[in-house]
Amino acid sequence: MTGVLPPETATHPPATPSARRRHTARWVAVTVLVVAAGLIAVLATRPPAEVAEVQSPLVGTQAPPVRGVTVDGGTFALTRPPGTFVVLNFFAGWCVPCQTEGPELVRFAFQHQQSGDARVISVVFDDAASDARSYQSTLGATWPTLADPRGTIALSYGVRAPPSTFLIAPDGRVVAYIVSPVTAAQLDGLIARARATGA
């Protein structure tokens with residue numbers, strides 16, 4: 001006589017290959033999610049990347065004159081010495097890295113407007129003044145922007161491509177040269193470093 005096995009002695013049928021594949025796929029998905037979450041956490045908490053500073057014969061010397069016609073048709077000349085930190089930024093409206101950097105320059109200018117300890121000045125590099133003016137209007141930039149149609153200012157600073165940024169100390173010395181998009185935080189870090197070394 002055949003009896004029914006009690007529940008505690010019943011056996012489960014062997015897992016089919018498709019069931020094993022589904023089980024393995026679940027574990028792989030969980031592992032991928034854990035690794036991705038860990039990577040996101042690392043990227044979110046690490047300090048910002050360093051700026052791409054490069055050597056320039058101008059660093060440590062008096063900044064060349066900055067004067068000319070602005071994109072609005074006025075004139076501008078940077079006083080020597082400027083008396084504040086100056087972020088001198090060479091840009092073009094067509095330059096994608098400049099477009100990445102633009103909002104950061106606006107943030108930096110706004111943050112330092114009240115204290116008056118730093119300001120931004122832009123120079124158009126290889127772009128029509130009208131296009132540069134249109135780009136800066138969209139950006140909300142309100143600082144002086146020089147047209148530099150013959151590239152005279154760019155040549156005096158040795159600029160080859162945008163974005164290029166020089167940090168000028170209150171005494172008129174160039175203290176940093178950057179050839180990558182910069183953030184407001186990175187500019188603040190460069191200013192703090194310059195102050196620590198007596199600029």
Item to complete: Would you calculate the separation in nanometres between label points at Phe76 and Arg107, each defined as 7 Å from the Cα along the Cα-to-beta-carbon direction?
Response: 2.2 nm
Practice prompt. Would you please give the residues with an amide H less than 5 Å from that of Arg119, counting only those at least 5 places away or on a separate chain, with H modeled from the backbone geometry?
Written response: Phe85, Val86, Val87
Worksheet entry | Under 5 Å, built H, 5+ apart or other chain: amide partners of Ala176 | Leu167
Item to complete: Describe numerically, in nm with one decimal, the distance between label points set 7 Å from Cα along Cα→Cβ at Thr61 and at Trp143.
Response: 2.3 nm
Fill in: Total formal charge among the other residues, if their Cβ is under 14 angstrom from that of Gln62, Lys/Arg +1 and Asp/Glu -1
+1
Worksheet item: If amide H atoms are built 1.01 Å from N in the plane of the peptide, which residues on other chains or at least 5 residues away come under 5 Å of the amide H of Phe125?
Response: Phe91, Ala92
Response to the item:
Net charge near Ala92 (other residues with Cβ under 9 Å of its Cβ; Lys, Arg +1; Asp, Glu -1) is -3
Practice prompt. Please identify every one of the trypsin sites (Lys or Arg not before Pro) in the stretch 124-176 that sits in a loop by DSSP and has no more than 13 other beta carbons within 10 Å of its own beta carbon.
Written response: Arg150, Arg160
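Only the coordinates and a few stated rules stand behind these numbers; no lab work does. Just so it is clear, the model here is predicted, and its values are computed rather than measured. Positions of Cβ are backbone-derived with ideal geometry, glycine not excepted, and every protein chain shown enters the neighbour counts.
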